[in-house]
1. Can you compute the modelled spin-label distance between Glu56 and Val26, with each label point 7 Å from Cα toward Cβ, in nm?
2. In debye, nearest 20, what is the charge dipole magnitude of the chain about its Cα centre with +1 on Lys and Arg Cβ and -1 on Asp and Glu Cβ, if you could check?
3. In Å and on Cα atoms, what radius of gyration and Dmax does the chain show?
4. Evaluate the relative contact order of the chain (contact order divided by residue number), counting alpha-carbon pairs under 8 angstrom at least 6 apart; express in whole percent.
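Nothing in this text is a laboratory measurement; each read-out follows from the coordinates by a stated rule. Just so we're clear, the structure is a prediction, and the values are computed from it rather than from any experiment. Every residue, glycine as well, gets a Cβ built from its backbone with ideal geometry; the counts of neighbours run over all protein chains shown.
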Amino acid sequence: MTYHGIVKNGVVVLNDNQTLPEGTVVDVWPTAIDATSSTLGERMQSLAGLADGLPEDMAINHDHYLHGRPKKQRFLIFLSKR
């Protein structure tokens, strides 16, 4: 069973006055997201543009270059206003 609550003065207080028997061993997983932590994209930004000498079609054919799968064709779609 899952219980929900908040920490008050260093003690987990369960919602709706729920209680557990004294001495019950529990696991606690904080669910609030720390607003100061960075996103994965922000942490990876420092790596952007570091790879040199990659094939022009690396993005579409990465499975070919990494795993030997057949190359995919590039399709260019031109949209024109009429």
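1. Going from the Glu56 label point to the Val26 one covers 6.1 nm.
2. Approximately 720 debye in magnitude.
3. 25.8, 75
4. Result for the chain is 11 percent.
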